[in-house]
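Data block below; observations after.
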Amino acid sequence: QLQLAESGGGEVQTGGSLALSCTASIETPDTTCMGWLRQAPGKGHEGVALIWAGTGNPTYGGSVKGRFTISQDVTKRTVSLQMNNLTPEDSAIYYCVRFRSGGTTPSCAAAMSVLERVGKGLGDWGQGTQVTVSS
């Protein structure tokens, strides 16, 4: 039922910026974490950024803190990711992800951890968009 439409991938040089967006086809409940995980060749899934829909509280992966910013427009059912100061280590397929949380704390930290462990076997995932950062 739920479809996640992703856009914004591409290629940039080191130090450049890219913006990603993801739009859900249906309304996102307040107790939902939505954002991106990424996967580089030969690697597991790494949490990038998730946002708690009800409050806008963000959770960032350790490698992107201070460089990436996630935001949402609830009315448009859209989340956006601004990626700055990109490095080749950021090159990966970026997947938009939606996960319905069962917790009471408005934080996506736990959701990011379980999504990293389980990967596409949990939650709803988009098709992914390629981000390539060249030296």
| query | Cβ under 15 Å from C108's Cβ, C108 left aside: what net charge do those residues give with Lys, Arg +1 and Asp, Glu -1? | reply | 0
| field | Note, ³J(HN,Hα) from phi for the stretch 73-88, Karplus 6.51, -1.76, 1.60, rounded to Hz, x at Gly and Pro | value | 10, 4, 4, 8, 6, 10, 10, 10, 10, 9, 10, 10, 6, 5, 10, x
| remark: The farthest towards the positive end of the charge dipole of the chain, of the residues V48, Q130, T23, given +1 on Cβ of Lys and Arg and -1 on Cβ of Asp and Glu, is V48
| request: Exposed loop trypsin sites (Lys or Arg not before Pro) only (DSSP loop, at most 16 other Cβ atoms within 10 Å): please give the longest stretch of the chain free of them, not including the sites. | output: 77-135
| query | Given the rule -39500 (n - 2.57) for each run of at least 4 DSSP H residues, summed and divided by the residues of the chain, what is its mean residue ellipticity at 222 nm, to the nearest 500 deg cm²/dmol? | reply | -2000 deg cm²/dmol
| task | Would you mind working out the magnitude of the charge dipole of the stretch 1-65 relative to its Cα centre, with +1 at each Lys and Arg C-beta and -1 at each Asp and Glu C-beta, to the nearest 20 Debye? | result | 220 debye
| query | How big is the charge dipole of the chain about its Cα centre, in debye rounded to the nearest 20, if each Lys and Arg gets +1 on its Cβ and each Asp and Glu gets -1 on its Cβ? | reply | 160 debye
| task | Check cross-link reach from K120 to the aspartates and glutamates: straight Cα distance under 13 Å, and skip same-chain residues fewer than eight apart. | result | E46
| said: When a/c reaches 1.5 or more, the comparison of a/b and b/c decides; with that in mind, is the stretch 1-53 rounded, prolate or oblate per its Cα gyration tensor? | reply: prolate
| query | Tilt of helix 109-118 relative to the longest C-alpha principal axis of the chain, in degrees (0 to 90, nearest 10)? | reply | 70 degrees
| With labels modelled as points extended 7 Å from the Cα through the Cβ direction, what inter-label distance (nm, one decimal) is found for Q82 paired with R117? | 3.4 nm
| task | With all protein chains present, calculate the accessible area of E27 using a 1.4 Å probe and round the result to the nearest 10 Å². | result | 150 Å²
| message | Can you tell me, using C-alpha contacts under 8 Å and at least 6 residues apart, the relative contact order of the stretch 11-116 as a whole percent? | response | 38 percent
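The values are calculated or read from the model by the stated rules, or taken from the named source; none is laboratory data. All values derive from a computational prediction rather than experimental measurement. Cβ sites come from the backbone with ideal geometry, for glycine too, and all protein chains shown count toward neighbours. When the accessible area is computed, the model is the full protein with side chains, heavy atoms only, and any ligands, DNA or RNA have been set aside. Shrake-Rupley method; radii C 1.70, N 1.55, O 1.52, S 1.80 Å.
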